[in-house]
Each structure stands twice: as C-alpha cells, then as structure tokens.
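Heads up: the structure comes next, in structure tokens.
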Amino acid sequence: MPGISRKTTIALAASASIALLATACTGRPDSGASDDASKETTVTFWHAWSAPSEVKAVKDLVAGFEKAHPNIHVHVVGNMTDDKMNQALRTGGAKAPDVISSFTTNSVGKFCSSGALVDLDPFFEKSGIDPRKTFPKAMNEYTRFEGNRCAVPLLGDAYGLYYNKTAFKKAGITAPPKTWSEFERDAEKLTIPQGDTYKQLGFMPNYHGWETTTEHYLGQFSPTYFDKDGKSNVAKDPAFEAAFKLQKKLVDALGGYRKLETYRSGLGDEWGPKHPFHTGQVAMQLDGEWRLGMALDAKPKFDIGVAPLPVPDDQADQYGKGYITGTIAGIAATSKKQNAAWELVKYMTTNTDAVVNFSNAIHNVPSTLAALKSPKLTYDPRFKTFLEIAANPDSTTAPASVNGGVYLTTIQQFGYDYESGKATDLKAGLKKTAAQIDTDIAQAK
C-alpha cells in the first residue's frame, strides 16, 4: 500500500540515508537541459510502487504518455527504495534514473539543497504552467525548499477521521465530532471498559498508535514549525503546547498511557484485516484515504463513516482541513535528457486525465485542483471527504528541512516521553526539543 511506505519509521530511514547526498553534491548543478525533446529518445523512470495493481497503474500511466509522445520511450523500474534512488542520484551513469518518484516528502529539503534534483520552476515557466494555480496549497508547500521547487506532487494522501456508525448510534452520538472538546467527549462515550482492558475503545490516542503521529495531530492545530530565520518554533508557537496538552488529556481520560499501551499491544496489525478499526475494537480512527478501501475489504460488521478530523475549539471555523502528504516526482540533476524527462513529469503530474486515471487506479488523492473536481473520478461517496480535505486551503503539511524529517523525529520522541510521563515539564521539554532541532539543522548545513 502507498501508506506503508510513508510510515514514520520508513521516513526516518529515508531521512538518514538521504543525508549522504550532502557529501556528494555541492551546490546546485547547471540544469543540463540542452537535449531536444522532439527527437527519438529513452528516459528512465524509477518509482517505489510494488503491489501488482499499482505496478499496472504506473504501466498504464506511462503508456498514456508514450501514446501522446511517440518519440519518447520510457524505461520503467519499480519497487525502488529511497536508498537506491539516493545512490543513483549521487553517482549518475547510463543506468541511473532521469526521473524519480518517492513516497517520502520528508526528503524534499535535502533533494533541493543538495542539488540532487533540478529546480523545476524554469520548466513550469517555459511550459506556461503556474504551480500555485495547479496544485493544492499544502502540496505546493511540501515540494519546495528555500525557493527551490525541485519536486512536484504525484498524487497525495489526506488524513481524516473514520468512525463506526453503529457504535455511534448505540452511544447516542448523532454526528461526527467537529471540535476537539466534542471529540474527547465522544471518545469517552464510545469507550466500554472490560476489567483491566476494554471491550471497545473510543479512540487510540497514543503516538505509537496507527497513524496517530505528532505531525498528524499537529496538522489540525496549524503550527508554524520554523520562524523566518529558520529556527525551530516548537517552544514559541502556542499551537505545539496546545496540541501536546490536549493529546495528553485524552490519554489520561481514556485510562492512561500504560493501560492504553497494554491494550494496543494485543491488537491487530495496521496493514492486515485485523486492524482494530476493522474489527470494531476501536470506534474512531485517524487515518489516510487508503484506509477506506482496506476497511471495506475486511467486511466489517458495522457501517463506516468518514469525516474531517476535529479541530481545536478556537479554530472551529477551519473545520474541514487536514494533514496532507503524498508522493513526489523530480528530475535527476545528473540526467542528460532533462527536457524529455520534463515532458514525462509534466504529463504525469499536470495532465488532468492522466492524474485522474492514476488516482482511480491506486485510490490515492489526485494532486491537481482540476483533477480533484473532475467528473471522471470514480470513488466511494465517502472518499469525497478526502478530496475536499486536499483542496482545502487551510489544510497543512510538515515543511521541508535541510536534514529531511529529522526534526519531526525529534518532536515525535518528545511526544513519547511526554505522554508516558517520562517528561513532565511541557514548556521545558519543548525548549529542549527546539534546541535539538536547531543543533541538528546547523550540523546538516
């Protein structure tokens, strides 16, 4: 599944591996875009998809491009990890990719700052395409770093709230929660204790839970991660303190960290049919758009509801927003066929029908504003919630950083310490976290 490859643990590995780029790339190389894209040529495209249905979808996407551009042939290589891509981007060579697609948006900062991928703004300008009018706001943000647009969105993920409609009805809840106070109240109502454990848990709030990472929570609070000087804002922006406090309050209200962790340890795997939302053991779930198909495939014994995640009470007017991430594509700086490579990237990421067909095939969120509104989209009516979240200008993402997602790891680690009681002074902990983030970034430059 696409979501698997964007899990935090894999993102961390990618952040670590991509740091190697800094040792091999110095500055930003010349564009090298001197090839004639109208001549017969072959470009190499590396991507990370591996499931048979996804591989077929990529094959169909490329076939559509080759039909529109009969002189440009595409050699497709799938199931490529970020480690392999990074190595190829450093060394180049005849077999290296001209175009890459990565699940890891956390890598954009390093891709851009190291010069591993070329700045695409000149290509957009040459083609008369305005990215700000083409892509949703959050997707525009996570494909840029310090003025360099070295990546472009290629489908996306939007996070929302799944809920058990049958459990809601039994608990007397008539609609999904829109604010955090409503969410907390509903989570408690939906929780059914059973001795030292739970017959049903309203929501698993722990950061080790399924997709309940700090950045996914924080997306609803619209924080500013860095100030204008690039310094961590974690200890200054009140959104961070508010998010940590409300999550900890929910943890305590639902039985406490240890009891919740004990329950979580006995539940099913996130990517299998025994996911606790599928089985009814957890009544509400923070998750991405891919969960809908997986949940329906598991044939649960209840009706599934989908809604945007609740927002803080003081941001009730922004209900409908969510956290956005996704797959990115870019052109290798080592490529000698950058104009031809651009034709492929442009087709895959800005051609409305191509984006729509790819979205329909792998059930991810379309990554252009036009595709999000296309009547050719085919989806379960509930999927529309994620389309609306993706198009919402208040939706958020985590900004690119020169050392990838290391700063997110640091925030997440503090989250583990705070929710478990290992860290008790929130303000002091946030200051220490900010200092560590600044140190790590300084060392990466």
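For this structure, a couple of remarks:
- For ALA316, the conditions (1) small (Gly, Ala, Ser); (2) in a loop (DSSP other than H, G, I, E, B); (3) more than 18 Å from the chain's Cα centre (by Cα) are fulfilled apart from (2).
- The residue pairs whose first member lies in region 248-271 and is in contact (Cβ under 8 Å) with a residue 24 or more places away in the chain and acidic (Asp, Glu), whose second member is open to solvent by less than 40 Å² (accessible area, probe 1.4 Å) and in a loop (DSSP other than H, G, I, E, B), and whose beta carbons are closer than 7 Å, counting only pairs six or more residues apart or on different chains, are GLU261/ASN206; GLU270/TRP210.
Okay, residues lined up against (1) crowded, with 23+ Cβ neighbours inside 10 Å; (2) closer than 28 Å to GLY288 by Cβ; (3) at pLDDT 95 or above; (4) out of contact with any Ser or Thr (no Cβ under 6 Å at 6 or more places or on another chain):
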| residue | (1), (2), (3), (4) |
| --- | --- |
| GLU388 | no, yes, yes, yes |
| SER395 | yes, yes, yes, yes |
| ALA400 | yes, yes, no, yes |
| GLN412 | no, yes, yes, no |
| TYR418 | yes, yes, yes, yes |
| ALA423 | no, no, yes, yes |
| ALA428 | no, no, yes, yes |
| LYS432 | no, no, yes, yes |
| THR439 | no, no, yes, yes |
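- Residues in region 358-373 that are crowded, with 19+ Cβ neighbours inside 10 Å and free of Cβ contacts under 8 Å to residues at least 60 places away in the same chain: ALA371 alone.
- Test: residue in region 72-81 that is of a type outside the set (A, V, I, L, M), open to solvent by less than 30 Å² (accessible area, probe 1.4 Å) and either closer than 28 Å to ILE362 by Cα or modelled with pLDDT under 95 (or both): no
- Any hit, region 320-338, residues being part of a helix (DSSP H, G or I) and either at negative phi or modelled with pLDDT of 95 or more (or both): yes
- Meets criteria (open to solvent by 10 Å² or more (accessible area, probe 1.4 Å) and more than 20 Å from the chain's Cα centre (by Cα)) for LEU377: yes
- Looking across THR409, THR396, one residue alone is closer than 15 Å to VAL234 by Cα and either among the charged types (D, E, K, R) or in contact with a helix residue (DSSP H, G or I) (Cβ under 7 Å, 6 or more places away or on another chain) (or both). It is THR409.
- Of all residues making up region 167-180, the number that are assigned to a helix (DSSP H, G or I) and open to solvent by 50 Å² or more (accessible area, probe 1.4 Å): 2
The values are calculated or read from the model by the stated rules, or taken from the named source; none is laboratory data. These numbers come from a predicted model, not from an experiment. Neighbour counts run over all protein chains shown; Cβ positions are idealised from the backbone, glycine included. Heads up: the accessible areas ignore ligands, DNA and RNA and are worked out on the full protein's heavy atoms, side chains in. Shrake-Rupley method; radii C 1.70, N 1.55, O 1.52, S 1.80 Å.
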